[in-house]
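**Student:** Below is the structure I would like to discuss, written out as structure tokens.
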Number of protein chains: 2
Amino acid sequence: MKLNASIAILACMGFATPTAALHQTQTSRSASQSTTKTLVERLGYPRDAKLLIVHADDLGAAHSINSASIKALEIGLVSSASIMMPCPWLPEIAAYARAHPEADFGLHLTLTSEWSLYRWGPVLGKERVPSLLDSSGYLYPLENEAAAHMDIKEVEAEIRAQIARARALGIQPTHLDSHMGTLYQSKALFETLVRVASENKLPFRLSQESFTRAPFVPPLLGPDDVVLDRIISIEPTVAPQDWSKFYTEEIKNLRPGVTCMIVHLAFADEEMKGVTFGHPNWGAEWRQRDFAFVTSDAFRKLLKENNVKLITWREVGKLVGKTER
Amino acid sequence: MKLNASIAILACMGFATPTAALHQTQTSRSASQSTTKTLVERLGYPRDAKLLIVHADDLGAAHSINSASIKALEIGLVSSASIMMPCPWLPEIAAYARAHPEADFGLHLTLTSEWSLYRWGPVLGKERVPSLLDSSGYLYPLENEAAAHMDIKEVEAEIRAQIARARALGIQPTHLDSHMGTLYQSKALFETLVRVASENKLPFRLSQESFTRAPFVPPLLGPDDVVLDRIISIEPTVAPQDWSKFYTEEIKNLRPGVTCMIVHLAFADEEMKGVTFGHPNWGAEWRQRDFAFVTSDAFRKLLKENNVKLITWREVGKLVGKTER
């Protein structure tokens, strides 16, 4: 994903809310929490449990991303990841997913192709989904451009095709999310995501924090939809030297609930520098810093010291279709 | 390109002939050479000139290939290259081609996607050219599989689309060739290449040596088609430690005429090791060896000492449509 505008940042993170705003939201929610079962409780944990999904985005987009993400998953402090079906390195991650059916892979539904030197098109043929393509025949670079041009029927056909393609390749997705948040850009797009996810009995990335920021969201949710409590995602406002400090503070300040920490992993190698050429935000060095943190002993120690339990989307997904809340 | 079977090796090289066979062919051709203008003479050089196109294949297929090929072109001992239009790194090489209109870029017409972890589809939509796709929705891995399944009308539509896409992106191709030699696999495929090339007034890779090996070729050629004298291409029979020796002998033994020396350039980095995973032939180390040789002072000295003049496909292409021979 990629920095575009403030709405885009919020959207691509599944409506992440900055920490300052979180506390305000938390206060207003505490009253209702005392009377209904929390998500944590529905998952079978005590109400004060701090559950964390550490989630790697963008798998399939580059060999460097696949290699770093697989390594981080195997080290064990990244618990989940999502795959971009239209991308060239899909066969590599699909082979890994088939060989590791226990791994928690979702689909990073992809309607944009954001880099300049390296691009991809849709899973469906170009003649089938012309509104998804820019003038050069690839998916639009930016989520707001894509949202402005896309025919909603073509969007639905394409995301259904991405899910079908995953299953045909032996990937059993545990969840859905949206690359660069394109499917959170409008009511019509979000409604499509909710409906397709529901039909496929899959949870999708969404947090309670979004409700005040995107008023169209709550009315579109059904009683079967699972909503996380919080999303953590580092932003370009954090200086490179403050990377560890940012994540450390976030973990130390983690409150009870289910939080998803989104990371973007890769090595700062020639391929990744080429892929992200001219774009330091979410670029090669950014992803190397994320990789360094989530594979560090410091992160492991931090999780332990703060009683944070890693969970996966597979656990959360078991609640989909259960209306108890 | 990739090792498949003996016919495939010959085909992907535009019917390269091993050195031993060359001498035999040469003898039989010498009689007619005395009475007609040779290609060298038509190009304005003395009959005994040794003209060489040093040609890099597969541009656009990977960042590593683009980087190594651009570096080699700029060092100046590689004179020409060809681009794979369906590949993910096309935007990078297209940008370079636009910025360097003097560079000699042709199109490496692509009907196969041969690697295992990293793949691509056609330029046309999948619904438009279903016979070009394997069961996973990509172009077939091998040229003989592709040739056995492809509908000739879909092949023609796809290669026309690849040429149109190149021009739309600002690439002005100087020549055509065929990735893994797929378009040399049958009379119908080769006829399609000849016709499309002719309509586009572009020369295509073919050498005189092929005539005895592919009897369907000569009757398909018109008086406007330009045929090179020889093609040099290293094969898996050459041991890695003999790389320089092979090329050195080829240059030392170069005879008068127009020869195309096909090389495959890349760095043996993580991306290229991933792309060519499990396939040492035309793999990452192979391409690093090719790069090392064609950018070496030894190669420069060798060309000079043996009076070999580098030319480009652009020069050869000026003869297309001129029936003098």
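The values are calculated or read from the model by the stated rules, or taken from the named source; none is laboratory data. Model, not experiment: these values are computed from the prediction. Heads up, the Cβs are rebuilt from the backbone with ideal geometry, glycines too, and the neighbour counts pull from every protein chain shown. Areas reflect the complete protein model, heavy atoms only, side chains present, ligands, DNA and RNA absent. Shrake-Rupley method; radii C 1.70, N 1.55, O 1.52, S 1.80 Å.
**Student:** Looking only at residues in the range B:219-238 that are among the charged types (D, E, K, R) and under 30 Å from B:GLN288 (Cα atoms), which one is most open to solvent (accessible area, probe 1.4 Å)? Don't jump to the end; show me each part of the working.
**Tutor:** Of the residues in the range B:219-238, the ones among the charged types (D, E, K, R) are B:224-225, B:229-230, B:235.
If we keep only those that are under 30 Å from B:GLN288 (Cα atoms) as well, we get B:229-230, B:235.
Numbers: B:ASP229: 15, B:ARG230: 8, B:GLU235: 35 Å².
Checked the range B:219-238; the qualifying residue most open to solvent (accessible area, probe 1.4 Å) is B:GLU235.
**Student:** Can you tell me which residue among B:PHE204, B:PHE246, B:PHE190, B:PHE216 is of a type in the set (Phe, Trp, Tyr) and in contact with a strand residue (DSSP E or B) (Cβ under 8 Å, 6 or more places away or on another chain)?
**Tutor:** Details: B:PHE246 fails: in contact with a strand residue (DSSP E or B) (Cβ under 8 Å, 6 or more places away or on another chain); B:PHE190 fails: in contact with a strand residue (DSSP E or B) (Cβ under 8 Å, 6 or more places away or on another chain); B:PHE216 fails: in contact with a strand residue (DSSP E or B) (Cβ under 8 Å, 6 or more places away or on another chain).
Within the list B:PHE204, B:PHE246, B:PHE190, B:PHE216, the selection yields B:PHE204.
**Student:** Right, next: Let me confirm something: among A:PHE299, A:PHE246, which residue is open to solvent by less than 10 Å² (accessible area, probe 1.4 Å), of a type outside the set (A, V, I, L, M) and either away from chain B (no Cβ under 14 Å) or in contact with a Pro (Cβ under 8 Å, 6 or more places away or on another chain) (or both)?
**Tutor:** Working: A:PHE246 fails: open to solvent by less than 10 Å² (accessible area, probe 1.4 Å).
The unique qualifying residue is A:PHE299.
**Student:** Within the range A:77-103, can you find the residues that are away from chain B (no Cβ under 11 Å) and without any contact (Cβ under 8 Å) to a residue 24 or more places away in the chain? Outline the logic, then answer.
**Tutor:** Of all residues in the range A:77-103, those away from chain B (no Cβ under 11 Å) come to A:77-84, A:97-103.
Within the range A:77-103, A:ALA99, A:HIS100, A:GLU102 qualify.
**Student:** Quick one: B:ALA268 ticks every box in (1) more than 17 Å from B:ALA56 (Cα to Cα); (2) aliphatic (A, V, I, L, M); (3) open to solvent by 20 Å² or more (accessible area, probe 1.4 Å); (4) within 14 Å of chain A (Cβ to nearest Cβ) bar one, so which box is it?
**Tutor:** Going through the list (1) more than 17 Å from B:ALA56 (Cα to Cα); (2) aliphatic (A, V, I, L, M); (3) open to solvent by 20 Å² or more (accessible area, probe 1.4 Å); (4) within 14 Å of chain A (Cβ to nearest Cβ), B:ALA268 breaks only (1).
**Student:** Quick test of your reading of the structure: A:LEU111 fulfils all but one of (1) over 30 Å from A:ILE75 (Cα atoms); (2) touching an Asp or Glu at 6+ places or on another chain (Cβ under 9 Å); (3) more than 14 Å from chain B (Cβ to nearest Cβ); (4) assigned to a helix (DSSP H, G or I). Name the failing condition by number.
**Tutor:** Going through the list (1) over 30 Å from A:ILE75 (Cα atoms); (2) touching an Asp or Glu at 6+ places or on another chain (Cβ under 9 Å); (3) more than 14 Å from chain B (Cβ to nearest Cβ); (4) assigned to a helix (DSSP H, G or I), A:LEU111 breaks only (4).
**Student:** A further question on this structure: Of all residues being open to solvent by 20 Å² or more (accessible area, probe 1.4 Å) and within 17 Å of the chain's Cα centre (by Cα) in the range B:65-76, which is farthest from the other protein chains (Cβ to nearest Cβ)? Just the residue, please.
**Tutor:** The initial filter retains those residues of the range B:65-76 that are open to solvent by 20 Å² or more (accessible area, probe 1.4 Å), namely B:67, B:70-71, B:73-76.
Next, from what is left, pick out any that are within 17 Å of the chain's Cα centre (by Cα): B:70, B:73.
Working: B:ILE70: 12, B:LEU73: 17 Å.
The selected residue is B:LEU73.
**Student:** Could you tell me which numbered condition B:ASP151 fails, if it satisfies all but one of (1) open to solvent by 10 Å² or more (accessible area, probe 1.4 Å); (2) among the acidic types (Asp, Glu); (3) under 20 Å from the mean Cα position of the chain (by Cα)?
**Tutor:** (3)
**Student:** Sticking with this one: May I ask you to verify whether B:PRO101 is open to solvent by 30 Å² or more (accessible area, probe 1.4 Å) and farther than 19 Å from B:ALA168 by Cα? Steps first, please.
**Tutor:** Details: open to solvent by 30 Å² or more (accessible area, probe 1.4 Å): yes; farther than 19 Å from B:ALA168 by Cα: no.
So B:PRO101 does not fit the description; no.
**Student:** What are the residues in the range B:141-169 that are more than 14 Å from chain A (Cβ to nearest Cβ), assigned to a loop (DSSP other than H, G, I, E, B) and under 21 Å from B:TRP115 (Cα atoms), if any?
**Tutor:** Result: B:LEU142, B:MET150.
**Student:** Where residues in the range B:33-64 are touching a Cys at 6+ places or on another chain (Cβ under 9 Å) and not in a strand (DSSP E or B), which of them is nearest to the other protein chains (Cβ to nearest Cβ)?
**Tutor:** B:ALA62
**Student:** Further, regarding this structure: Looking at A:ILE93 and the list (1) open to solvent by 20 Å² or more (accessible area, probe 1.4 Å); (2) not small (Gly, Ala, Ser); (3) not in a loop (DSSP other than H, G, I, E, B), which single condition is not satisfied?
**Tutor:** Going through the list (1) open to solvent by 20 Å² or more (accessible area, probe 1.4 Å); (2) not small (Gly, Ala, Ser); (3) not in a loop (DSSP other than H, G, I, E, B), A:ILE93 breaks only (1).
**Student:** Look at the range B:32-54 and say how many of its residues are at pLDDT 95 or above and open to solvent by 70 Å² or more (accessible area, probe 1.4 Å).
**Tutor:** Looking only at that region, the number is 3.
**Student:** Which of (1) within 20 Å of B:ARG119 (Cβ to Cβ); (2) at pLDDT below 85 does A:ALA21 not meet, given it meets every other one?
**Tutor:** So the condition that A:ALA21 fails would be (1).
**Student:** Filter the range A:170-191 down to the residues that are in contact (Cβ under 8 Å) with a residue 40 or more places away in the chain, of a type outside the set (A, V, I, L, M, F, W, C) and not in a helix (DSSP H, G or I) and list them by number. Working first, answer last.
**Tutor:** Narrowing the range A:170-191 to residues in contact (Cβ under 8 Å) with a residue 40 or more places away in the chain: A:170-185, A:189.
So of that shortlist, the ones also of a type outside the set (A, V, I, L, M, F, W, C) come out as A:170, A:172-175, A:177-179, A:181-182, A:184-185.
Once the filter is applied, which keeps residues that are in contact (Cβ under 8 Å) with a residue 40 or more places away in the chain, of a type outside the set (A, V, I, L, M, F, W, C) and not in a helix (DSSP H, G or I), the range A:170-191 yields A:GLY170, A:GLN172, A:PRO173, A:THR174, A:HIS175, A:ASP177, A:SER178, A:GLN185.
**Student:** Here's another thing I want to ask about it. Determine if the range A:201-216 includes at least one residue that is modelled with pLDDT of 95 or more and in contact with a Pro (Cβ under 7 Å, 6 or more places away or on another chain).
**Tutor:** So far as the range A:201-216 goes, yes, one or more of its residues are modelled with pLDDT of 95 or more and in contact with a Pro (Cβ under 7 Å, 6 or more places away or on another chain).
**Student:** Further question on the same structure: For the range B:116-138, check the following and say yes or no: at least one residue is more than 16 Å from the chain's Cα centre (by Cα), assigned to a loop (DSSP other than H, G, I, E, B), free of Cβ contacts under 8 Å to residues at least 24 places away in the same chain and within 21 Å of B:PHE204 (Cα to Cα).
**Tutor:** Kept after step one, since they are more than 16 Å from the chain's Cα centre (by Cα), are these residues of the range B:116-138: B:116-138.
Going one step further and asking which of them are assigned to a loop (DSSP other than H, G, I, E, B), we end up with B:116-129, B:134-138.
Then keep just the ones that are free of Cβ contacts under 8 Å to residues at least 24 places away in the same chain; that gives B:119, B:125-127, B:134-137.
Remaining after also requiring within 21 Å of B:PHE204 (Cα to Cα): none.
There is no residue in the range B:116-138 that is more than 16 Å from the chain's Cα centre (by Cα), assigned to a loop (DSSP other than H, G, I, E, B), free of Cβ contacts under 8 Å to residues at least 24 places away in the same chain and within 21 Å of B:PHE204 (Cα to Cα).
**Student:** When the residues of the range B:278-287 are filtered to those that are surrounded by 18 or more Cβ atoms within 10 Å (Cβ to Cβ) and at negative phi, which remaining residue is nearest to the other protein chains (Cβ to nearest Cβ)? Walk me through it before giving the result.
**Tutor:** Our first condition is that a residue be surrounded by 18 or more Cβ atoms within 10 Å (Cβ to Cβ); within the range B:278-287, this holds for B:282-284, B:286-287.
Still in the list and also at negative phi: B:283-284, B:286-287.
Details: B:GLY283: 14, B:ALA284: 12, B:TRP286: 18, B:ARG287: 14 Å.
Within the range B:278-287, the match that is nearest to the other protein chains (Cβ to nearest Cβ) is B:ALA284.
**Student:** Among the residues of the range A:115-140, what is the count of those that are of a type outside the set (Gly, Ala, Ser) and more than 12 Å from chain B (Cβ to nearest Cβ)? Give the derivation first.
**Tutor:** The first filter runs over the range A:115-140 and keeps only residues of a type outside the set (Gly, Ala, Ser), leaving A:115, A:117-120, A:122-124, A:126-130, A:132-134, A:138-140.
When the remaining residues are screened for being more than 12 Å from chain B (Cβ to nearest Cβ), the result is A:139-140.
Of the residues in that region, 2 qualify.
**Student:** Only one residue in A:ASP290, A:ASP224, A:ASP297, A:ASP242 is more than 23 Å from A:GLY76 (Cα to Cα), out of contact with any Lys or Arg (no Cβ under 8 Å at 6 or more places or on another chain) and charged (D, E, K, R), so which one is that?
**Tutor:** Details: A:ASP290 fails: more than 23 Å from A:GLY76 (Cα to Cα); A:ASP224 fails: out of contact with any Lys or Arg (no Cβ under 8 Å at 6 or more places or on another chain); A:ASP297 fails: more than 23 Å from A:GLY76 (Cα to Cα).
Checking each option against the conditions leaves just A:ASP242.
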